[in-house]
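Report on one structure; see the data block that follows.
The values are calculated or read from the model by the stated rules, or taken from the named source; none is laboratory data. Computed from a predicted structure; not experimentally measured. With ideal geometry, Cβ positions are generated from the backbone for all residues, glycine too; neighbour counts draw on all protein chains shown. To get the accessible areas, we keep the full protein, side chains included, count just its heavy atoms, and leave off ligands, DNA and RNA. Shrake-Rupley method; radii C 1.70, N 1.55, O 1.52, S 1.80 Å.
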Amino acid sequence: TMLYESVISVLVGSPSNQAVLYAGTGDGKVQRCDNILSATPVWTDVSAGLPQRWVTDIAVHSLNARRAWVSLSGYSTGHVFKTTDAGATWTDVSAGLPDIPVNALVLSGLNPEVLFAGTDDGVWMLREGGVWERFGTGLPRAVIHDLLIDSGARLIAATHGRGVWSIDAVVGI
């Protein structure tokens, strides 16, 4: 299929396989391309099982391109979904998050089993197999628009109206 139905809201490549690219759109679609370096890339719609909400971000596991997380905007549905099979199936991993938009995702650089989510109410963290918990003493409970982990294992959070914040993000599983 072609990737043209809606506004592309996010493009994320796999850190472990440069031929894999995930795309999210404003109409709630997620598509994956396994041959993006080809002259004729082929896109696969992997949206089945996801709510039809604006796709705000995608995080791809650093060692396994088949493992990814998708964040969604809106209310009254799950906001973070995980796949372990390249999008063939999705699992809602939102339990414990407030019912608010999730705007950004990033995996810990030191431990790819730890996921951070930037929401409309600050930063939240999920350890693999655990529950969501608020992250970051001193971080404002503001809208977080973007997250990244820098080379010093610090979480950088870009807020709406409260500036850019950084905090040590070394977290054990």
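What is the packing order of peptides 92-101, 141-150, taking the mean over residues of other C-beta atoms within 10 Å and listing the highest first?
141-150, 92-101
Over the chain, give the accessible area per residue in Å² for a 1.4 Å probe, as an integer.
About 47 Å² of surface per residue is accessible.
Sort the following peptides by mean Cβ neighbour count (other Cβ atoms within 10 Å, averaged over residues), highest first: 60-73, 124-137.
60-73, 124-137
Below 14 angstrom from the Cβ of VAL10, what's the summed charge of the other residues (Lys, Arg +1; Asp, Glu -1)?
Net local charge, VAL10 excluded: 0.
Got the relative contact order for the stretch 44-173 handy, in percent, Cα pairs under 8 Å and 6 or more residues apart?
Once normalised by length, the contact order is 17 percent.
For the stretch 52-60, take each phi angle, set θ = phi - 60°, evaluate the Karplus expression 6.51 cos²θ - 1.76 cosθ + 1.60, and give the result in whole Hz per residue in order, putting x for glycine and proline.
Computed from phi, the couplings for the stretch 52-60 are 7, 10, 4, 7, 8, 6, 9, 10, 10 Hz.
Kindly identify the stretch 93-150 as rounded, prolate or oblate by the Cα gyration tensor criterion: order the square roots of the eigenvalues as a ≥ b ≥ c, call it rounded if a/c is under 1.5, otherwise compare a/b with b/c, prolate if a/b is larger, else oblate.
Oblate shape, in that a/c is at least 1.5 and b/c is the bigger or equal ratio.
Based on Cβ point charges of +1 for Lys and Arg and -1 for Asp and Glu, what charge dipole magnitude is obtained for the stretch 1-89 about its Cα centre, in debye rounded to the nearest 20?
Dipole magnitude for the stretch 1-89 comes out near 200 debye.
Given an 8 Å cut-off on Cα distances and at least 6 residues of separation, report the relative contact order of the stretch 52-96 as a percent.
For the stretch 52-96, the relative contact order is 29 percent.
Run the dipole for the chain about the Cα centre, Lys and Arg Cβ at +1, Asp and Glu Cβ at -1, nothing else charged, and hand back the magnitude in debye, nearest 20.
Charge dipole, the chain, about its Cα centre: 140 debye, nearest 20.
Please name whichever of CYS33, VAL131, LEU11 sits farthest to the positive end of the charge dipole of the chain, dipole taken about the Cα centre and charges placed at Cβ: Lys and Arg +1, Asp and Glu -1.
Final value for the positive-end residue is VAL131.
Classify the stretch 1-92 from the C-alpha gyration tensor, please: rounded if a/c falls under 1.5, else prolate or oblate depending on whether a/b exceeds b/c.
oblate
Which one of LEU107, PHE81, PRO140 has its Cα pushed farthest toward the positive end of the charge dipole of the stretch 75-141, where Lys and Arg give +1 and Asp and Glu give -1 at the Cβ?
PRO140
Using a 1.4 Å probe on the protein chains only, how many percent of the accessible area of the stretch 63-173 belongs to carbon and sulfur?
About 54 percent, which is the carbon plus sulfur part of the accessible surface.
Return the long-range amide H neighbours of ALA142 (sequence gap of 5 or more, or a different chain), with a cut-off of under 5 Å between placed amide H atoms.
GLY122
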